[in-house]
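Q: Next up is a structure, given as structure tokens.
The values are calculated or read from the model by the stated rules, or taken from the named source; none is laboratory data. Everything numeric here is computed off the predicted structure, so don't read it as measured data. Note that each Cβ is placed from the backbone with ideal geometry, even for glycine, and that neighbours are counted across all protein chains shown.
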Amino acid sequence: MKLNNIKQIFISGASLTYGVGGAKGGWADMIKLRIHKLQYNPRHERDKKYYEVYNFAKPGMVIDGVLASITSDIKYRKHESSESIIILSVGMNNTKSTGTADNHFSTIE
């Protein structure tokens, strides 16, 4: 298979994306399983694109952490001749508070 026939999907986020508590992982894992089921089907046409799905999600990640790590996560896996899709699922952990109910990790500002 030629690299220019591969579409790469890079997914990053926190526990919802990673799949904490999910018997079959998170939504990123479900996407990967579905894509693999389709592309490795014997009836899959030879000229169709193939996909590599990478799940870089980590429980507890906040926006700054995802942004800081996504470049290095992708850098060593990205094929220059391949199309790529980047999916970010962030923000929920930025709304949490610690200690007191009004001590939020991030503010609206």
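Q: Report yes if some residue within segment 59-77 is surrounded by 16 or more Cβ atoms within 10 Å (Cβ to Cβ), more than 25 Å from residue 104 (Cα to Cα) and hydroxyl-bearing (Ser, Thr, Tyr); otherwise report no.
A: Within segment 59-77, none of the residues are surrounded by 16 or more Cβ atoms within 10 Å (Cβ to Cβ), more than 25 Å from residue 104 (Cα to Cα) and hydroxyl-bearing (Ser, Thr, Tyr).
Q: Among the residues of segment 34-50, are any at pLDDT 90 or above and either basic (Lys, Arg) or loosely packed, with under 10 Cβ neighbours inside 10 Å (or both)?
A: Among the residues of segment 34-50, at least one is at pLDDT 90 or above and either basic (Lys, Arg) or loosely packed, with under 10 Cβ neighbours inside 10 Å (or both), which makes the answer yes.
Q: Going through 26, 91 one at a time, which residue ends up being closer than 20 Å to residue 13 by Cα, touching a Leu at 6+ places or on another chain (Cβ under 9 Å) and not hydrophobic (A, V, I, L, M, F, W, C)?
A: Matching residue, one of 26, 91: 26.
Q: Now for a different question. Among the listed residues 104, 79, which satisfies the condition of being over 22 Å from residue 31 (Cα atoms) and in contact with a strand residue (DSSP E or B) (Cβ under 7 Å, 6 or more places away or on another chain)?
A: Result: 104 is the single residue among 104, 79 that is over 22 Å from residue 31 (Cα atoms) and in contact with a strand residue (DSSP E or B) (Cβ under 7 Å, 6 or more places away or on another chain).
Q: A further question follows. Give me a count of the residues in segment 6-28 that are farther than 12 Å from residue 58 by Cβ and either under 8 Å from the mean Cα position of the chain (by Cα) or in a loop (DSSP other than H, G, I, E, B) (or both).
A: 5
Q: Which count do you get for residues in segment 82-95 that are out of contact with any strand residue (DSSP E or B) (no Cβ under 6 Å at 6 or more places or on another chain) and either loosely packed, with under 14 Cβ neighbours inside 10 Å or among the basic types (Lys, Arg) (or both)?
A: 2
Q: Let me ask another. Is there any pair with a first residue in segment 86-101 that is free of Cβ contacts under 8 Å to residues at least 40 places away in the same chain and a second that is surrounded by 12 or more Cβ atoms within 10 Å (Cβ to Cβ) and assigned to a strand (DSSP E or B) whose Cβ atoms are under 6 Å apart and which are 6 or more apart or on different chains, and what are they?
A: If the second residue must be surrounded by 12 or more Cβ atoms within 10 Å (Cβ to Cβ) and assigned to a strand (DSSP E or B), the pairs left are 97/104.
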